[in-house]
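Below is one structure, written out as structure tokens, with a few remarks after it.
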Amino acid sequence: MSKLGNLGARLHRGEVSYDFIGHRKLWYGISILITITAILGLTVRGLNMGIDFQGGAVFTTPKTSVSVSEAEDFAEEASGHTAVVQKLGNGTLRIQIAGMDTQQSDQIKDKLAEDFKVDSEKIAADLVGPSWGDQIANKAWQGLAIFMVLVVIYLAIAFEWRMAIAALIALIHDITITVGIYALVGFEVTPGTVIGLLTILGYSLYDTVVVFDSLKEQTKDITKQTRFTYSDIANQSINGTLVRSINTTVVALLPVAGLLFIGGGVLGAGTLNDISLSLFVGLAAGAYSSIFIATPLVADLKELEPQMKALRKRVLAKRAQGEQGDPLPATAEGAYEDEDEAAPAVVGPRAQAARGRGTRGRPSGKRR
């Protein structure tokens, strides 16, 4: 077995662990700092909305020797608006002018034909009206709102409302960071960007549900024991799924990184940037929020319950009693074990199976 696989197995069994829940204030602070930076970028620079949202025109020229910078100057002079020019693989140019009146398109087309020294009929023009762009923007917001509502309803039914709230906060966290980075980088927002956002929200939700499902299983009958608090078991759930989360995130990021850095950066395929940047940032933020935000938030909300408060008092009292008496070996979560009470840091079926394996072969002490 590889070292990473061996580490994953040891994390899953509770033999080693990292105290994610105990350091939750640090993770909250990092997330707040990143979120504030994203909001400032969004406020100061704003989003570079594409013509699909603002309305405008896209002109495609025949193969030409005119450079991209020269084409930008020609287009801005002809339209009076900022132009985005991309050189396509066959040597043609794609000139995008947003926020312009579509009635001016014929005049701009003729002026571009004059500057490029080509027949105006050879320049293709695709027009997008501002009203259509508003409809696209409204549909995008509606789709996002419906997605959020369905997520909350599903998680509230499948798990509980505290997990639904934590997942919703994690999703908003991911959206804010991704949109803020879009504003800071200045990439154009297109329908591909919206598709990328919805994709990463689904991925982030999947990663979160994996941890929540493990947490739900391990906290069955949690109040019937006095060894572990809810936070202890939440921490073990994160550790048990940590390597899986890392593996799935890395595997998902590799092809997206290829699209962003090779396709968009090296080959200059600007249309790939629209979706690849949102996927790359969103996947990374989603993996982070699933581990460092969603589950710690659930633990904080659950620890406010009277039953969990009483459980914490009993657990801490038992640990204090163990410290005052004979010293017992400490587990990774800080609980104490002796030979007769050895059990992994779980409460659900895995713990019962582990206890069964631990007592297998011991003499019962009875004679037949």
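The values are calculated or read from the model by the stated rules, or taken from the named source; none is laboratory data. Given the structure is predicted, the values throughout are model-derived calculations rather than measurements. In this analysis, Cβ positions are derived from the backbone assuming ideal geometry, glycine residues included, and neighbour counts consider all displayed protein chains. Heavy atoms of the whole protein, side chains included, go into the accessibility calculation; ligands, DNA and RNA do not. Shrake-Rupley method; radii C 1.70, N 1.55, O 1.52, S 1.80 Å.
Values for this structure:
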{"quantity": "Hits in segment 187-224 - residues which are part of a loop (DSSP other than H, G, I, E, B) and open to solvent by 30 Å² or more (accessible area, probe 1.4 Å)", "calculated": "Phe187, Lys220, Asp221"}
{"quantity": "Residue tally, condition within 13 Å of Ile108 (Cα to Cα) and among the aliphatic types (A, V, I, L, M), over segment 29-85", "calculated": "6"}
{"quantity": "Breaking point among (1) part of a helix (DSSP H, G or I); (2) over 27 Å from Ile153 (Cβ atoms); (3) modelled with pLDDT of 80 or more; (4) in contact with a Ser or Thr (Cβ under 9 Å, 6 or more places away or on another chain), for Ser237", "calculated": "(2)"}
{"quantity": "From the options Ile246, Ile177, Ile262, residue that is β-branched (Val, Ile, Thr), buried (at least 22 other Cβ atoms within 10 Å of the Cβ) and part of a helix (DSSP H, G or I)", "calculated": "Ile177"}
{"quantity": "Positions within segment 14-59 being assigned to a loop (DSSP other than H, G, I, E, B) and closer than 16 Å to Val189 by Cα, in sequence order", "calculated": "Arg45, Gly46, Leu47, Gly50, Gly55"}
{"quantity": "Qualifying positions in segment 119-154 - open to solvent by less than 40 Å² (accessible area, probe 1.4 Å), more than 30 Å from the chain's Cα centre (by Cα) and touching a residue at least 24 places away in the same chain (Cβ under 8 Å)", "calculated": "Ile123, Val128, Gly129"}
